[in-house]
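Q: Starting off with a structure, shown below.
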Amino acid sequence: MNRGPVRQDADGKPFVEIDEDILAGVSNKDKIKTVAAELRRRYPDGFNWRGWKIGLNGQGIREFTRSRDTRNLSMGDRTVYRDKLRTAANLDEIIEVADNIRNESPSHPRKDNLSSFNRADVQIRVGQNDYTAEVVTAIKPSTKEIFYDIVNLTPTKIKDFPASSMLKNSATAQTQGNPLTNIIFTKESDVNGSDSSKSSLSTTPNTESNLPWREYARQKYADLQSQMGEAQTAAIPLPVAQQNAETPQRTIPLPIAGEQTAKSRQYQTRAENRFVNEIGEALSVPGTARRDVLKPAAQQLTQEIRETGRVSAETANAVFDEVYQQGRIVLDEVYNQYKGLKAELRREPITLAQVDRDSQTYQEFRQSNFGVLNLVNEGGVPVDVKYQNLAERWPELFPAGVMNPADQLEKMAEVARSIVKTEADLDTYYGDDPFWRDAARESFD
C-alpha cells in the first residue's frame, strides 16, 4: 500500500501528505461504496497506538461518507468533497498526528449510545490541495471509542519545512507529543480483555475472514443455532449479491422454515430491530414510519430468509423503494440561525399606539398571532422602536423602508412564522442527481 508520509511544515507542525488516489477511475455513483470498502479493508482492527485503541465500525463509516458535512461538500465544492473521501487512504496517520484535543458533549439529544465526542485539529495535503480539518471520535458509555468523522476541511496553504527535516515515518510523529490518543482513550486490554486480537466493537467485521457485517451477522446467527443444537438446519448458499469479491462462496446453516426456538426468535427480533434502527438512521426515516413501514419490512425480509434462505432481488427492490419514500431530511439551518429572534418576538411585550389598535382588524390580527407576538395594550416597547432595533440587527429580515406601524407588525409576524424546521423527502432534497439514491441503496444492501 502506498502510504503518504507524515511531514513537517515550516513551523515544525506535522501534516499528512496523501498521494494515493483511491477514487481513480471510480464513477460518481460508486464513490461511497468504494470508500466504505477501503475503510473496512485497510482498518479491520481500528487504530492502535501504544496500547490504546480506537475502533472503526459501520456507524463511523456511515458518518464519514454520509454525514451532513459530507453531503454539504458533495452539493457544494466537489473538489473538497473528493479530497475528503481520499483521506480514507491515510486515516491512521491523520488520527495519529492530530492535536489540540478537546472533549465535548453531544449538541443535541441522541438516539444512539454515544455519550461524548473528542475533536482534534489536523493538517492534510491531498495531492496539491492543502487543508486544515478536525478529526472527530465518539465515546461510548463504556469508554470505548470509535472513529466518527473528519469535518470542517478548510483550504489553506501549508509551507513546507526543508526536506532534511521531514519526519521520516509516522513513529517519529508519536515522539513529538500531541497524538490524538493522549486523553481518555480506552486501553485495548480494557476493551477486549486479555485478547488484544479482537475488535473493540461488536459491529466490527470479522477480522479473520474480513466479512462485511451482514455476512458476519448471519455467520454469528448460524453459530448460535449450531451451539443450541435444538433446531434442524439446512445448508443454504449465500445469494450471489451478498458474496464479497474477496471471500470464497460459503454455505451457512439456517433453521428450516417453521422450526424456530425461543432463543432463535429472540435473536431474530434483535436483528430486525437493528435493521430498523440502522436503515432508519441511514435513510432519515422518522419514528412513526420506522414503526409502520420499517418494522413490517424487516419482518418480511427475515420471513423470506427463513423460507428460502435468501432475499430475492424483487423483494429487496420493493422494500427499498418503499423505505426510501419514507425518508425525510429536516431543514433546520434557518431555524437554528434565528431561533433566538423567534423567542424574542414571542416573549418581549410590544405595544401599538391607541389610535391604531381600536380597529377590528387589529383585534383579529392580535388574536391570530397569539403565541407568535406578545402584543400588550400598555407597557410594551413601541412598535416603531422595536422594528428599528430589529432592522439594525437583522437587516436581511427587516427592510428599513417599512415605516407604517401596522406594516411593521405584519412583517414581525411574518418573520416569526417563517422561523421553523421543515422537512423534505429525499427526492425533493437531493433532486435529480442519482448519486444519493445509489448511496442510500448501498447502505440498505
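Q: Inspect the stretch 278-298 for any residue being more than 24 Å from the chain's Cα centre (by Cα), assigned to a loop (DSSP other than H, G, I, E, B), buried (at least 17 other Cβ atoms within 10 Å of the Cβ) and of a type in the set (A, V, I, L, M) and give the result as yes or no.
A: Scanning the stretch 278-298, I find no residue that is more than 24 Å from the chain's Cα centre (by Cα), assigned to a loop (DSSP other than H, G, I, E, B), buried (at least 17 other Cβ atoms within 10 Å of the Cβ) and of a type in the set (A, V, I, L, M), so the answer is no.
Q: Moving on to the next point. Would you mind stating whether Asn72 is modelled with pLDDT of 90 or more, among the polar types (S, T, N, Q), closer than 21 Å to Asn152 by Cα and not in a loop (DSSP other than H, G, I, E, B)? Write out each step before concluding.
A: Details: modelled with pLDDT of 90 or more: no; among the polar types (S, T, N, Q): yes; closer than 21 Å to Asn152 by Cα: yes; not in a loop (DSSP other than H, G, I, E, B): yes.
Judged against the criteria, Asn72 is not a match.
Q: So which pairs qualify, if the first residue must be in the stretch 328-345 and within 19 Å of Asn369 (Cβ to Cβ) and at pLDDT below 90, the second must be of a type in the set (A, V, I, L, M) and surrounded by 14 or more Cβ atoms within 10 Å (Cβ to Cβ), the Cβ gap must be under 7 Å, and the two must be at least 6 apart or on different chains?
A: That search, which allows pairs on different chains as well, returns Tyr335/Ile419; Tyr338/Ile419; Lys339/Ile419.
Q: Could you grab me the full set of residues in the stretch 301-331 that are of a type in the set (A, V, I, L, M) and either open to solvent by 70 Å² or more (accessible area, probe 1.4 Å) or under 13 Å from Asp425 (Cβ atoms) (or both)?
A: Answer for the stretch 301-331, where residues must be of a type in the set (A, V, I, L, M) and either open to solvent by 70 Å² or more (accessible area, probe 1.4 Å) or under 13 Å from Asp425 (Cβ atoms) (or both): Val323, Ile329, Val330, Leu331.
Q: Taking the criterion of being assigned to a helix (DSSP H, G or I), small (Gly, Ala, Ser) and under 30 Å from Val420 (Cβ atoms), would at least one residue in the stretch 340-351 satisfy it?
A: Here is the first cut: in the stretch 340-351, the ones assigned to a helix (DSSP H, G or I) are 340-347.
Now restrict to residues that are small (Gly, Ala, Ser): 340, 343.
This time we only want the ones that are under 30 Å from Val420 (Cβ atoms), so: 340, 343.
Yes; the residues of the stretch 340-351 include at least one that is assigned to a helix (DSSP H, G or I), small (Gly, Ala, Ser) and under 30 Å from Val420 (Cβ atoms).
Q: On to the next question. Only one residue in Arg110, Arg40 is open to solvent by 20 Å² or more (accessible area, probe 1.4 Å), out of contact with any helix residue (DSSP H, G or I) (no Cβ under 6 Å at 6 or more places or on another chain) and either at pLDDT 85 or above or of a type in the set (A, V, I, L, M, F, W, C) (or both). Which one? Show your work before the answer.
A: Values: Arg110 fails: either at pLDDT 85 or above or of a type in the set (A, V, I, L, M, F, W, C) (or both).
Going through Arg110, Arg40 in turn, the sole match is Arg40.
Q: Every residue in the stretch 13-29 that is open to solvent by 30 Å² or more (accessible area, probe 1.4 Å), out of contact with any Gly (no Cβ under 6 Å at 6 or more places or on another chain) and touching a residue at least 24 places away in the same chain (Cβ under 8 Å), please. Before the answer, list the steps.
A: Restricting attention to the stretch 13-29, the residues satisfying the condition of being open to solvent by 30 Å² or more (accessible area, probe 1.4 Å) are 13-14, 19-21, 24-29.
If we keep only those that are out of contact with any Gly (no Cβ under 6 Å at 6 or more places or on another chain) too, we end up with 13-14, 20-21, 24-29.
The answer is Lys13, Pro14, Glu20, Asp21, Asn28, Lys29.
Q: While we're on this one: Taking the criterion of being touching a strand residue (DSSP E or B) at 6+ places or on another chain (Cβ under 9 Å), outside any helix (DSSP H, G or I) and at pLDDT 85 or above, would at least one residue in the stretch 392-404 satisfy it? Walk me through it before giving the result.
A: Within the stretch 392-404, the first condition is being touching a strand residue (DSSP E or B) at 6+ places or on another chain (Cβ under 9 Å), and the residues that meet it are none.
Within the stretch 392-404, none of the residues are touching a strand residue (DSSP E or B) at 6+ places or on another chain (Cβ under 9 Å), outside any helix (DSSP H, G or I) and at pLDDT 85 or above.
Q: In the list Val420, Val381, Val415, which residue meets the criterion of being within 30 Å of Gly76 (Cβ to Cβ) and open to solvent by 30 Å² or more (accessible area, probe 1.4 Å)?
A: Val420
Q: Those residues that are of a type in the set (Ser, Thr, Tyr) and farther than 14 Å from Asn404 by Cβ, I need them from the stretch 353-390; list them, please.
A: Our first condition is that a residue be of a type in the set (Ser, Thr, Tyr); within the stretch 353-390, this holds for 359, 361-362, 368, 387.
Ser368, the sole residue that qualifies.
Q: Here's a follow-up. Which of the residues spanning the stretch 98-129 are touching a residue at least 60 places away in the same chain (Cβ under 8 Å) and assigned to a strand (DSSP E or B)?
A: Passing the criteria: Asp99, Asn100, Ile101, Asn103, Asn118, Ala120, Val122, Gln123, Ile124, Arg125, Val126.
Q: Here is a check on your reading of the model: is Thr79 surrounded by fewer than 16 Cβ atoms within 10 Å (Cβ to Cβ) and within 20 Å of Gly127 (Cβ to Cβ)? Don't jump to the end; show me each part of the working.
A: Working: surrounded by fewer than 16 Cβ atoms within 10 Å (Cβ to Cβ): yes; within 20 Å of Gly127 (Cβ to Cβ): yes.
Yes, satisfied.
Q: Every residue in the stretch 360-378 that is in a loop (DSSP other than H, G, I, E, B) and open to solvent by 50 Å² or more (accessible area, probe 1.4 Å), please.
A: Of everything in the stretch 360-378, those that are in a loop (DSSP other than H, G, I, E, B) and open to solvent by 50 Å² or more (accessible area, probe 1.4 Å) turn out to be Asn377, Glu378.
Q: For the stretch 43-55, give me each residue that is in contact with a strand residue (DSSP E or B) (Cβ under 7 Å, 6 or more places away or on another chain) and either part of a helix (DSSP H, G or I) or open to solvent by 10 Å² or more (accessible area, probe 1.4 Å) (or both).
A: Filtering the stretch 43-55 for residues in contact with a strand residue (DSSP E or B) (Cβ under 7 Å, 6 or more places away or on another chain) gives 46-47, 51-55.
Of everything in the stretch 43-55, those that are in contact with a strand residue (DSSP E or B) (Cβ under 7 Å, 6 or more places away or on another chain) and either part of a helix (DSSP H, G or I) or open to solvent by 10 Å² or more (accessible area, probe 1.4 Å) (or both) turn out to be Gly46, Gly51, Trp52.
Q: Another one. Restricting to the stretch 130-183, name every residue that is part of a loop (DSSP other than H, G, I, E, B), of a type outside the set (Val, Ile, Thr) and at pLDDT 85 or above.
A: In the first step, residues of the stretch 130-183 are kept if they are part of a loop (DSSP other than H, G, I, E, B); the result is 140-144, 157-159, 161-162, 166-169, 175-179, 183.
Narrowing further to those that are of a type outside the set (Val, Ile, Thr): 140-142, 144, 157, 159, 161-162, 166-169, 176-179.
Lys157, Lys159 - these are the residues of the stretch 130-183 that are part of a loop (DSSP other than H, G, I, E, B), of a type outside the set (Val, Ile, Thr) and at pLDDT 85 or above.
Q: Considering only the stretch 311-319, I want to know if a residue exists there that is of a type in the set (Gly, Ala, Ser), outside any loop (DSSP other than H, G, I, E, B) and without any contact (Cβ under 8 Å) to a residue 60 or more places away in the chain.
A: Residues of the stretch 311-319 of a type in the set (Gly, Ala, Ser): 312-313, 316, 318.
Restricting the remaining residues to those that are outside any loop (DSSP other than H, G, I, E, B) gives 313, 316, 318.
Within this subset, residues satisfying the condition of being without any contact (Cβ under 8 Å) to a residue 60 or more places away in the chain are 318.
There is at least one residue in the stretch 311-319 that is of a type in the set (Gly, Ala, Ser), outside any loop (DSSP other than H, G, I, E, B) and without any contact (Cβ under 8 Å) to a residue 60 or more places away in the chain.
Q: Suppose the filter is in contact with a helix residue (DSSP H, G or I) (Cβ under 6 Å, 6 or more places away or on another chain) and hydroxyl-bearing (Ser, Thr, Tyr); does Thr302 pass it? Walk me through it before giving the result.
A: Details: in contact with a helix residue (DSSP H, G or I) (Cβ under 6 Å, 6 or more places away or on another chain): yes; hydroxyl-bearing (Ser, Thr, Tyr): yes.
So Thr302 fits the description; yes.
Q: Answer with yes or no whether Thr204 is open to solvent by less than 20 Å² (accessible area, probe 1.4 Å), modelled with pLDDT under 90 and hydroxyl-bearing (Ser, Thr, Tyr). First the steps, then the outcome.
A: Numbers: open to solvent by less than 20 Å² (accessible area, probe 1.4 Å): yes; modelled with pLDDT under 90: yes; hydroxyl-bearing (Ser, Thr, Tyr): yes.
Taking the combined requirement at face value, the residue satisfies it.
The values are calculated or read from the model by the stated rules, or taken from the named source; none is laboratory data. Everything numeric here is computed off the predicted structure, so don't read it as measured data. Counting neighbours? That spans all protein chains shown, and the Cβs are built from the backbone with ideal geometry, glycine included. Each accessible area value is taken on the protein alone, full model and side chains, heavy atoms only, with ligands, DNA and RNA left out. Shrake-Rupley method; radii C 1.70, N 1.55, O 1.52, S 1.80 Å.
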